[in-house]
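Accompanying notes for the structure given below.
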Amino acid sequence: MHQPIRDYLEDYLRGAAQGIPQGFQAHLDSCEECAQEIRLLEQHSQDLRALRTPETEPRAGFYARVMERIEAQQASIWSAFLERRFGLRLAVASAALALLMGAYLISSDPGGMPGSGPSVVLTDTSAPYTSIQPELVQQQQRDAVLVNLASYHE
């Protein structure tokens, strides 16, 4: 079905000729596909009207009452948390997440704990070198620098 027919289909089936443009009827005359669909829809519409009886008509205010009930039953996001199964699953998932995050924080960053920063090895260079050989002092200083470099954490 083409767009000009779709735009005014309800008005045509309802019988409101004053709201339908002249291009609608011209399109129906020229397009056999749309004309066939309109004939089928008219037949369905007549069949449905034949089924309608005064007893099947809803009482006055029916649609307003339905809309009021729908609006009253609209749940907020917080009512989902009050549902027992969902709330239980959310609590278990939150506890598992907190446990995993705590374990990760404790095990992954030892530099963040007090007293676990880089260790500094100092050598006393003010002592007289009489009893210590100069090569030994240089070796101790190199070792101290290597230990400082190896234990450095950003």
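The values are calculated or read from the model by the stated rules, or taken from the named source; none is laboratory data. As the structure is a computational prediction, the values presented were derived from the model and not from experiment. All Cβ positions, even for glycine, are placed from backbone atoms using ideal geometry, and neighbour counts span all protein chains on display.
Sub-6 Å Cβ pairs linking a first residue in the range 6-19 that is within 12 Å of GLU42 (Cβ to Cβ) to a second residue that is modelled with pLDDT of 80 or more, at least 6 apart or interchain, are LEU13/SER45, ordered by first then second residue. On inspection, GLN138 fails the criterion of being at pLDDT below 85, out of contact with any helix residue (DSSP H, G or I) (no Cβ under 6 Å at 6 or more places or on another chain), under 30 Å from LEU13 (Cα atoms) and surrounded by 10 or more Cβ atoms within 10 Å (Cβ to Cβ). Is one or more of the residues making up the range 3-16 among the aliphatic types (A, V, I, L, M), part of a helix (DSSP H, G or I), at pLDDT 80 or above and out of contact with any Lys or Arg (no Cβ under 7 Å at 6 or more places or on another chain)? No, the range 3-16 has no match at all.
Yes or no, residue by residue, for (1) more than 23 Å from HIS2 (Cβ to Cβ); (2) surrounded by 10 or more Cβ atoms within 10 Å (Cβ to Cβ); (3) basic (Lys, Arg):
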position	(1), (2), (3)
GLN18	no, no, no
GLN25	no, yes, no
GLU33	no, yes, no
LEU41	no, yes, no
LEU51	yes, no, no
GLU55	yes, no, no
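Look at (1) within 30 Å of VAL145 (Cα to Cα); (2) surrounded by 10 or more Cβ atoms within 10 Å (Cβ to Cβ); (3) modelled with pLDDT under 85 and you find that SER45 fails only one, number (1).
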